[in-house]
């Protein structure tokens, strides 16, 4: 049997997958891009040796990355997505009828092109007229923008290598400066099982910049550690509160999952005091 | 680097672990038993090629297997644990001061012996005077018992091989017959990511026998699929309701996790109608 062994130096369990077929293998200016076919997950997108999405389960991540903050905002119009070259976050954001403009800022154009070709159900909306694709560094794109953005979504690779620039005080300040009054910022922030210290550090850094910071989780089978966290921040708007009725079509996210996903209060306190013993 | 590759034909992702040292390797009448040392998880117990517990994260599983039903019962006295040869469930059950008697029914004595030796912090209470060890088949042990058991806990290996006898209508009937009025039955029931059909079948079979059946989950990094389910049943007692104050010492379980862990209502309905699309 042909297998793919994930290359993730930060995960104490190595995941591996059966490979029925290698559909694409290339190198962009930024990373190695591979698409394989797996009997259970369908097509899988692999960047620099780490699984980014699979056809079968990508919705868990994309729904949870986007819909929590989009429902916590009363009427999101302008959205920035940084990363997310596969188009999954764009597809979910555009389910919200209030959204007029999505700046889709992906540094690596090749990821968008490969996704258009091999993941047509994920990249289905990247060429929607409401979407403006910017192939450039996300931090650069934010500099000097007006404060008219309702939601900023960071959908990067793991917090290593070139993605680390998206987790600095300087970057968070740029995000804050472009957020509207009710605006939200949300980013992946790794696994509560395997990367607890990274989770805490992201929260601590965000707290230096934003008045309100929170965290929620989702179970994602193909990300190491699975118990995946999303860090969210605002100028004061409350992410746990839904300010819009849940009426879009989803597979995992719902109004009850919205409430359910946030870390319980006492557990959150223990996390930030570094008192969770694992 | 020396690695252990898990042998789990029902998991679409294969997990593998670095092995610093093989501490024990033997064959009992029932299964192959291995103990290895891993740099992140510490010692790991492996039965027939599948990871059962690790020193670092065993508490997630053992706390969630036991404390939900023990807190939903007003004053559990008599408890049966079927399986759980490592002693982790026994340790957690004995944290409840009302418990007077634990029948610890493990078919494979070798697992208890290996755990006594290599997992002293897990098997720490297997020789407590309240514990009666019975090395026999759990289904046999239940036959013809009085209805004086407050909690029956099944802590078996995966629902394949010889453990399948613990998931039949006949077995569930035996469990029900020995439960007291406020009694609960709880069992592992595999991953909501990878074994959704098994989860549904366990629930359906339990519903044929018990008036009340429910399900809750916990994130467990070392079990394939991670998003692990526990199926719970009773003669009418409500598992979501805590009838005891939370006052024991735990690392993950708490009163807020108790509420949090149960599958949200609409998601549970969709699960049982086979409408969860993954």
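When residue A:85 is tested against (1) in a loop (DSSP other than H, G, I, E, B); (2) out of contact with any helix residue (DSSP H, G or I) (no Cβ under 8 Å at 6 or more places or on another chain); (3) closer than 25 Å to residue A:226 by Cα, just one condition goes unmet, and that condition is (2). Kindly indicate which of B:220, B:209, B:200 is within 23 Å of residue B:152 (Cβ to Cβ), in contact with a helix residue (DSSP H, G or I) (Cβ under 8 Å, 6 or more places away or on another chain) and within 9 Å of chain A (Cβ to nearest Cβ). Result: B:220 is the single residue among B:220, B:209, B:200 that is within 23 Å of residue B:152 (Cβ to Cβ), in contact with a helix residue (DSSP H, G or I) (Cβ under 8 Å, 6 or more places away or on another chain) and within 9 Å of chain A (Cβ to nearest Cβ). In the set (1) more than 14 Å from chain A (Cβ to nearest Cβ); (2) under 27 Å from residue B:259 (Cβ atoms); (3) touching a strand residue (DSSP E or B) at 6+ places or on another chain (Cβ under 8 Å), the condition left unmet by residue B:105 is number (2).
The residues of the range A:100-116 include none that are in contact with a helix residue (DSSP H, G or I) (Cβ under 6 Å, 6 or more places away or on another chain) and surrounded by fewer than 23 Cβ atoms within 10 Å (Cβ to Cβ).
Can you confirm whether residue A:196 is within 26 Å of residue A:252 (Cα to Cα) and either at pLDDT 95 or above or surrounded by fewer than 20 Cβ atoms within 10 Å (Cβ to Cβ) (or both)? Taking the combined requirement at face value, the residue satisfies it. In the range B:261-274, the count of residues that are surrounded by fewer than 17 Cβ atoms within 10 Å (Cβ to Cβ), under 20 Å from the mean Cα position of the chain (by Cα) and at the interface with chain A (Cβ under 10 Å from one of its Cβ atoms) is zero.
Taking the range B:1-31 as the range and being surrounded by fewer than 15 Cβ atoms within 10 Å (Cβ to Cβ) and within 11 Å of chain A (Cβ to nearest Cβ) as the test, the residues that pass are B:1, B:3, B:5.
Residues in the range A:228-245 that are at the interface with chain B (Cβ under 10 Å from one of its Cβ atoms) and either over 19 Å from the mean Cα position of the chain (by Cα) or without any contact (Cβ under 8 Å) to a residue 60 or more places away in the chain (or both): there are none.
All conditions in (1) assigned to a loop (DSSP other than H, G, I, E, B); (2) within 14 Å of chain A (Cβ to nearest Cβ); (3) without any contact (Cβ under 8 Å) to a residue 60 or more places away in the chain hold for residue B:251, with the sole exception of (3).
The values are calculated or read from the model by the stated rules, or taken from the named source; none is laboratory data. If you're wondering where the values come from, they're calculated on a predicted model, not measured in any experiment. A quick note on method: Cβ atoms are made from the backbone with ideal geometry, for glycine too, and the neighbour counts reach across all protein chains shown.
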